[in-house]
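Worksheet for the structure shown next.
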Amino acid sequence: HQLSIEKRFEFLPRVPLVPDLTATDQNLIEIAAFLKQNRITKVQLLAYNPLWHEKCDKIGAENNYKNSQSMTQWLSKEKIASSKEIFRHAGLKVI
């Protein structure tokens with residue numbers, strides 16, 4: 001007697017939205033296309049948190065981005081919305 005066991009799991013990619021690095025339209029379009037091509041249906045976008053700059057200062061870690069205006073601010077609501085729209089346009093559910 002042979003048992004057939006189907007193991008299912010849901011894969012949820014999490015995409016960090018880092019200004020000028022990962023949160024460029026071209027990069028997000030390519031990530032969305034890759035996910036769609038690989039039959040991924042959902043994605044979670046992680047909003048950038050600039051508070052890490054303070055942590056670097058407190059522990060004495062090197063911070064090459066502390067003079068970058070875009071890296072020291074929260075992402076705008078408009079940028080987050082347009083990032084979500086890129087994934088939705090590709091047919092992905094954004095959670």
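The values are calculated or read from the model by the stated rules, or taken from the named source; none is laboratory data. Nothing here was measured: the structure is a model prediction, and the numbers come from that model. Quick reminder, even Gly has a Cβ in these numbers, built from the backbone with ideal geometry, and neighbours come from all protein chains shown. Note: areas computed on protein heavy atoms with side chains; ligands, DNA, RNA excluded. Shrake-Rupley method; radii C 1.70, N 1.55, O 1.52, S 1.80 Å.
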* Please enumerate the residues belonging to segment 32-51 that are within 13 Å of the chain's Cα centre (by Cα) and on the phi > 0 side of the Ramachandran plot. => none
* Structure fact -> Pro50 meets each of (1) out of contact with any helix residue (DSSP H, G or I) (no Cβ under 6 Å at 6 or more places or on another chain); (2) surrounded by 10 or more Cβ atoms within 10 Å (Cβ to Cβ); (3) within 17 Å of Leu17 (Cα to Cα) with one exception, condition (1)
* **Residues located in segment 27-39, provided they are open to solvent by 60 Å² or more (accessible area, probe 1.4 Å) and not polar (S, T, N, Q)** => Ile29, Glu30, Phe34, Lys36, Arg39
* Asked: Which one of these is at pLDDT below 90 and hydrophobic (A, V, I, L, M, F, W, C): Phe9, Phe34?
  -> Phe9
* Asked: Among (1) of a type outside the set (Lys, Arg); (2) more than 26 Å from Ile86 (Cα to Cα); (3) open to solvent by less than 60 Å² (accessible area, probe 1.4 Å), where does Thr24 come up short?
  -> (2)
* Asked: Limited to segment 41-94, what total is found for residues that are in contact (Cβ under 8 Å) with a residue 60 or more places away in the chain and part of a loop (DSSP other than H, G, I, E, B)?
  -> 2
* Do we have Ile59 as at pLDDT 90 or above and either touching a Pro at 6+ places or on another chain (Cβ under 9 Å) or surrounded by fewer than 11 Cβ atoms within 10 Å (Cβ to Cβ) (or both) here? -> yes
* Asked: Is there a residue being part of a helix (DSSP H, G or I) and in contact (Cβ under 8 Å) with a residue 24 or more places away in the chain anywhere in segment 2-18?
  -> no
